[in-house]
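Remarks on the structure that follows.
The values are calculated or read from the model by the stated rules, or taken from the named source; none is laboratory data. For clarity, every value in this text was computed on a predicted model and none was experimentally measured. Cβ placement follows ideal geometry from the backbone for every residue including glycine, while neighbour counts extend to all protein chains displayed.
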Amino acid sequence: MDNISPTSNRRIAPQLGFSNSTDPVFIIGYVIYAKFSLVIFFCGAIFVFAVCSQSLKTTSDMMQIHALKQENITDSLTGMFNRRYLDRRLKEETQRA
C-alpha cells in the first residue's frame, strides 16, 4: 500500500478537477442518487398519485356539500326558495340594516 501524505492529496485533487476536498462527496452522492433514482422516481409517482386522489375526493366532497346546501334552501318540486331561505335572508337583511 502506498504511503500518501496529505500534501500529495492536495496536488492530486486539482488534477482530477476537484476544487476542494468536498467535491468527491458530491460525486459519491450523485452516484448513490443515480443508483436509487428509479426508487426515488417511483416514490415520487406514488406521492403525486396520492395527492391527486385526495384532491379528487376533496373536490367531489365540496360539490356534494354545495348540492346539499342548494337542496336545503329550495323546494325539490318547484325549485323555488323555501322557508329556511326566507328565515336566513330576513336575519341577514335585519343585521345589515
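Is it the case that some residue within the range 73-88 is loosely packed, with under 10 Cβ neighbours inside 10 Å, at pLDDT below 95, assigned to a helix (DSSP H, G or I) and not aliphatic (A, V, I, L, M)? Reasoning before the result, please.
First pass over the range 73-88, keeping only residues loosely packed, with under 10 Cβ neighbours inside 10 Å: 76-80, 83.
From the residues that got through so far, the ones that are at pLDDT below 95 too are 76-80, 83.
Then keep just the ones that are assigned to a helix (DSSP H, G or I); that gives 83.
In the following step, the residues that additionally are not aliphatic (A, V, I, L, M) were identified as 83.
There is at least one residue in the range 73-88 that is loosely packed, with under 10 Cβ neighbours inside 10 Å, at pLDDT below 95, assigned to a helix (DSSP H, G or I) and not aliphatic (A, V, I, L, M).
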Taking ILE4 and the conditions (1) among the β-branched types (Val, Ile, Thr); (2) at pLDDT 90 or above; (3) not in a helix (DSSP H, G or I), which numbered condition does it fall short on, given that it satisfies the others?
(2)
Selection count, the range 56-67, where residues are at pLDDT 95 or above and either of a type outside the set (S, T, N, Q) or within 20 Å of LEU86 (Cβ to Cβ) (or both)
7
